[in-house]
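The values are calculated or read from the model by the stated rules, or taken from the named source; none is laboratory data. Note that this is a predicted model, so its numbers are computed, not measured. In this analysis, Cβ positions are derived from the backbone assuming ideal geometry, glycine residues included, and neighbour counts consider all displayed protein chains.
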Amino acid sequence: MSEKGNNKAPAVGIPKYMKFTIGGLAGMGATVFVQPLDLVKNRMQLSGEGGKSRQYKSSGHALITILRNEGLSGIYTGLSAGLLRQATYTTTRMGIYSSLFEKFSVDGKPPSFIRKVLIGVFAGGVGAFVGTPAELALIRMTADGRLPVEQQRGYKNVVDALRRVWAEEGFVALFRGSGPTIGRAMVVNASQLSSYSQVKQFFLDKNVIKDGLLLHFVSSMISGFVTTVFSMPVDIVKTRIQNMKTIDGKPEYKGATDVFLRTVRKEGFFSLWKGFLPYYFRLGPHTVLTFIFIEQMNKMYATVVLKDASAGRGL
């Protein structure tokens, strides 16, 4: 920040386009590590759908079954869709959140917790809409292996998936489930981004943990747990809507409310948290890696390009 009386422009911070770029790259990097957990989470959420017997007894059973039936490469099914999802969804949400976080910070003080939540809700909603087609492809590609061969969609990659959905079901089908996807993203971002910022700020203010990798790790894991608890019910609804098929011109579900009510009625209330462990162990490390990558890339850009390490302070 420029001193009073100085007519020079204020010090340049990290430009907005770099905030978007860094956010996307961080999300894509994290996805490479956690894609197998995302696969297990999706399979667990679809297991027992429609009152059928559960296909997997536990997350460990799901992972072993996938490895046995689909091979080592099978646990990375849908990676191309996962990367595209991060390139669209995370690039948008993290870029918007970082930009608004900086905009509403006053005299070096971060925004209030409520404002962080509102920023997270807005950033998540916009990002989710942009990323819905990739999300749809990801759900379908990771779910394919649990079906009999004759029922599998057999998408070769995310481009093939998007092309076929458009050709076979229409352009609008690419945004199927956008409502619950946006709802989930709002919950995820309101809880994830705001809790990460708040926990990190608490530890710094209380001088419990110094700024660095340990602080980022602890803040991320706590943030991931909070996010998992609040977002899973919305996530399972989103997953089932995006994976549903249209039979004789009629979709399996009428909408998000129908999925919610039928799931609770046939599988029990706590089935809304089915796959909690793989969800958390996917979201926790993904949150950790994403925020660590963001923090480190921010610092690197500020130090190397801007020649001002203070400009690279994270969320």
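Only one of the listed residues (Phe293, Phe281, Phe269) is modelled with pLDDT under 80 and surrounded by fewer than 21 Cβ atoms within 10 Å (Cβ to Cβ). That residue is Phe281. Looking across segment 140-155, just one residue is within 23 Å of the chain's Cα centre (by Cα) and without any contact (Cβ under 8 Å) to a residue 40 or more places away in the chain, and that is Tyr155.
When Ile247, Ile241 are screened for being closer than 23 Å to Ala161 by Cβ and without any contact (Cβ under 8 Å) to a residue 60 or more places away in the chain, only Ile247 passes. Those helices (runs of 4 or more DSSP H) of segment 41-144 in which 1 or more residues are over 16 Å from Leu162 (Cβ atoms) occupy 59-70, 91-103, 113-143. For Gly127, state whether it is over 13 Å from Tyr89 (Cα atoms), surrounded by 17 or more Cβ atoms within 10 Å (Cβ to Cβ) and touching a residue at least 12 places away in the same chain (Cβ under 8 Å). For Gly127, the condition - over 13 Å from Tyr89 (Cα atoms), surrounded by 17 or more Cβ atoms within 10 Å (Cβ to Cβ) and touching a residue at least 12 places away in the same chain (Cβ under 8 Å) - is not met. Just one of the listed residues (Gly13, Gly23) is closer than 29 Å to Val304 by Cα, part of a loop (DSSP other than H, G, I, E, B) and at pLDDT 75 or above, namely Gly13.
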